[in-house]
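Quick notes on the structure that follows.
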Amino acid sequence: MWREVSGVLPNLVVDTTVLPPADRFAFWYALVAQETAPVHISSGHLDNFVAYAQAIDLGRIRMTSLRYPSLDAIRPTTLVRRAEADVYQIALPLTGRSTLIQDRTESTLEAAKHFTLLDTARPHVARHRADGPGLASTITVQIPHAALPLAPDRLHRLLATPMPSHLGVGGLLAHHLRSIAAHPEQFEPAQAESLGVVAVDLLTAALAQYLDIEDTLSPEARQTTLRARVVDFIDRHLDSNELSPGSVAAAHHISLRSLHRLFEAEATTVAELIRGKRLEQCRRDLGNPLLRQPVHVIAARWGFSDRAHFSRLFRAHYGRSPQEYRTGVARQNG
């Protein structure tokens, strides 16, 4: 059944296991028609269809995180004609294997390595297979045609084509979507629109990169892509003592002034971003019951060599000292 989650990004969660087994597939069938695009679904698990979904509104676009057993989905011309609006759909498989067919293009997407673009204004076929007895998992994003600033005839060439989701701008897009799907609670409702804009800009840049037409991108899309590259670089080098705004600027061949200008519209500076991400890593390590290292060792791993300075920063950020936080988490888990 649907359960609305409040206080975070506008989203709804569904879990078919709260329904009697005989009712689960019918509910899922109606869900897919409502949240993605109407399709005819067949599966070998109709008698007990265990599946989960979370739909998240991101302004003009809507993201849905899905887990489901192996199934086949067909969207014939008759269902296309019933559509109210023309919408593109990103398909990003996280586990399992997906074979997609649209406009005579057939491709198999490897989980965590590929994403593709479908056009719900055209018929398509999708075959999703889970790994063994488990469930397949996919992130889909619904984007109105008008929201993608690329010529439809160019995009038509990419329909059902596998594109890399583990490197390049496609990797940044996949990371952005996975982060939202995994932890929607880390974002405020007011951030939904900007998160959607970033997703569209990254998708536009990824498609343009694949089409080799990056020079046609708007300045805004280029800025979003560069900013995403910077954040990804910071995430991958948080444990480096060399990480600083200066090293970030040098790695991206821009001046320090240009780097600061890139984040002018954000709520944080680059230095604050690095510090905040490092503090969050420390918080996670302190809350890990399997990690019994002293506080100062954890702090040093994430770039805080001065114990007193780290303790002050941590208390200012989380309202408790590092040791108080660790003790509180241990009591909760005990």
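The values are calculated or read from the model by the stated rules, or taken from the named source; none is laboratory data. Note that the structure is predicted; figures quoted are calculated from it, not measured. Please note: Cβ atoms are built from the backbone with ideal geometry, for glycine as well, and neighbour counts cover all protein chains shown. For the accessible areas, the whole protein counts, side chains as well, though only heavy atoms, and no ligand, DNA or RNA atoms are used. Shrake-Rupley method; radii C 1.70, N 1.55, O 1.52, S 1.80 Å.
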Q: Specify the residue that is surrounded by the most Cβ atoms within 10 Å (Cβ to Cβ); the eligible residues are those in the range 221-272 that are among the small types (Gly, Ala, Ser) and not in a helix (DSSP H, G or I).
A: Ser244
Q. Identify, please: which residue in the range 291-321 is hydroxyl-bearing (Ser, Thr, Tyr) and surrounded by fewer than 16 Cβ atoms within 10 Å (Cβ to Cβ) and is, among those, nearest to Pro245 (Cα to Cα)?
A. Ser305
Q.
Considering only the range 64-86, I want to know if a residue exists there that is touching a helix residue (DSSP H, G or I) at 6+ places or on another chain (Cβ under 7 Å), surrounded by fewer than 22 Cβ atoms within 10 Å (Cβ to Cβ) and of a type outside the set (Phe, Trp, Tyr).
A. yes
Q: Given the conditions (1) out of contact with any Asp or Glu (no Cβ under 9 Å at 6 or more places or on another chain); (2) open to solvent by less than 50 Å² (accessible area, probe 1.4 Å); (3) within 28 Å of Val197 (Cα to Cα), report the number of the one that Lys113 does not fulfil.
A: (2)
(Q) Residue under question is Arg62, and the condition is that it be modelled with pLDDT under 95 and more than 15 Å from the chain's Cα centre (by Cα); does it hold? (A) no
Q: Could you list all residues from the range 167-188 that are modelled with pLDDT under 90 and surrounded by fewer than 17 Cβ atoms within 10 Å (Cβ to Cβ)?
A: Leu167, Gly168, Ala182, His183, Glu185, Gln186, Glu188
Q) Can you find a residue in the range 130-139 that is small (Gly, Ala, Ser), under 14 Å from Leu211 (Cβ atoms) and at pLDDT 90 or above? A) no
Q. Just checking, how many residues over the range 156-166 are open to solvent by less than 10 Å² (accessible area, probe 1.4 Å), over 17 Å from Arg97 (Cα atoms) and not in a strand (DSSP E or B)?
A. 1
Q: Of all residues in the range 71-104, count the ones that are within 26 Å of the chain's Cα centre (by Cα) and at pLDDT 90 or above.
A: 21
